[in-house]
Amino acid sequence: SLDLFEACSSPMTLTDLPLGAHTLYVRAIDEAGNADQSPDSHAWTIEAVQETNTDPGTDVNVMIALPDGGEASITFAEVTAAGTTSVEQLDTPPALPEGYLAAGAAYYDISTTAQYSAPLTICLPYDASVTEAPVRLLHYDESTQAWIDITTSSEIGVVCGAAEQLSPFAIATGSPVVVPETTILSG
């Protein structure tokens, strides 16, 4: 409504605005008091400043709370410029390859705005009552559009792997087809 306009002078400074979308409407009024009936506007959004959690250095470890509980651990060989590392749960991930069970699987997309050098070590917790052993960590390779098993260690409740880059990761049970069991029948 044109009744909401207030007098101001140029330049105008607005402070203490809340986060979110804002629009400023301006109209000119001449010396005789005639107001412009088609005001101009400028729109913008104020976003929260995201704090960095990935500082420069070597063997930089970042702990991040997972959306469904627990903490992910990401260790960068080297970080050359600070940034923010984050984890999101994937609701519609690519299908797992043959030999990995979708039942009990969990999917996460890990990303960072930091500049870093590989390799990366990723450790993700899992609920051992939901995901059966042997538990494997898979990394989705965007260039080949395929999951790759990157598991380096798996203990009850946490699985770790090594990767060259960040992207989607999956925690899944490996069947004997991909994780054969070795047994000694006689010795």
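What the table shows:
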{"item": "Gaussian network model of the chain, springs between alpha carbon atoms under 10 Å - residue of 162, 172, 103 with greatest fluctuation", "result": "103"}
{"item": "Global geometry of the range 5-78, whether rounded, prolate or oblate, following the gyration tensor of its Cα atoms and the 1.5 cut on a/c", "result": "prolate"}
{"item": "Percent carbon-and-sulfur accessible area, the chain, ignoring ligands, DNA and RNA, probe 1.4 Å", "result": "51"}
{"item": "Answer label, with Cα Rg over 2.2 N^0.38 Å calculated from the coordinates and candidates [x] 1.63; [y] 1.15; [z] 1.03", "result": "[x]"}
{"item": "Solvent-accessible area per residue, Å², over the chain with all protein chains present [probe radius 1.4 Å]", "result": "64"}
{"item": "Contour minus Cα-Cα distance for residue 102 and residue 68 (0.36 nm per residue)", "result": "10.5 nm"}
{"item": "Exposed GluC sites (Glu not before Pro) absent - longest run of the chain, DSSP non-H/G/I/E/B, at most 16 other C-beta within 10 Å", "result": "52-97"}
{"item": "Chain lengthening between residue 143 and residue 58 when straightened (0.36 nm per residue, less Cα-Cα)", "result": "27.9 nm"}
{"item": "Residue-count net charge about residue 141 - beta-carbon cut-off 14 Å; Lys, Arg +1, Asp, Glu -1", "result": "-4"}
{"item": "Förster-model FRET efficiency, 35 Å R0, residue 117 and residue 16, C-beta, rounded to 0.05", "result": "0.25"}
{"item": "FRET efficiency, 1/(1 + (r/R0)^6) with R0 45 Å, evaluated for residue 155 and residue 81 via beta carbons", "result": "0.85"}
{"item": "Magnitude of the charge dipole, the chain, Cβ model with Lys/Arg +1 and Asp/Glu -1, debye to 20", "result": "480"}
{"item": "Length gained when the stretch residue 23-residue 91 is fully extended (0.36 nm per residue, less Cα-Cα span)", "result": "21.0 nm"}
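The values are calculated or read from the model by the stated rules, or taken from the named source; none is laboratory data. Everything numeric here is computed off the predicted structure, so don't read it as measured data. Heads up, the Cβs are rebuilt from the backbone with ideal geometry, glycines too, and the neighbour counts pull from every protein chain shown. With ligands, DNA and RNA removed, areas are computed over all heavy atoms of the protein, side chains included. Shrake-Rupley method; radii C 1.70, N 1.55, O 1.52, S 1.80 Å.
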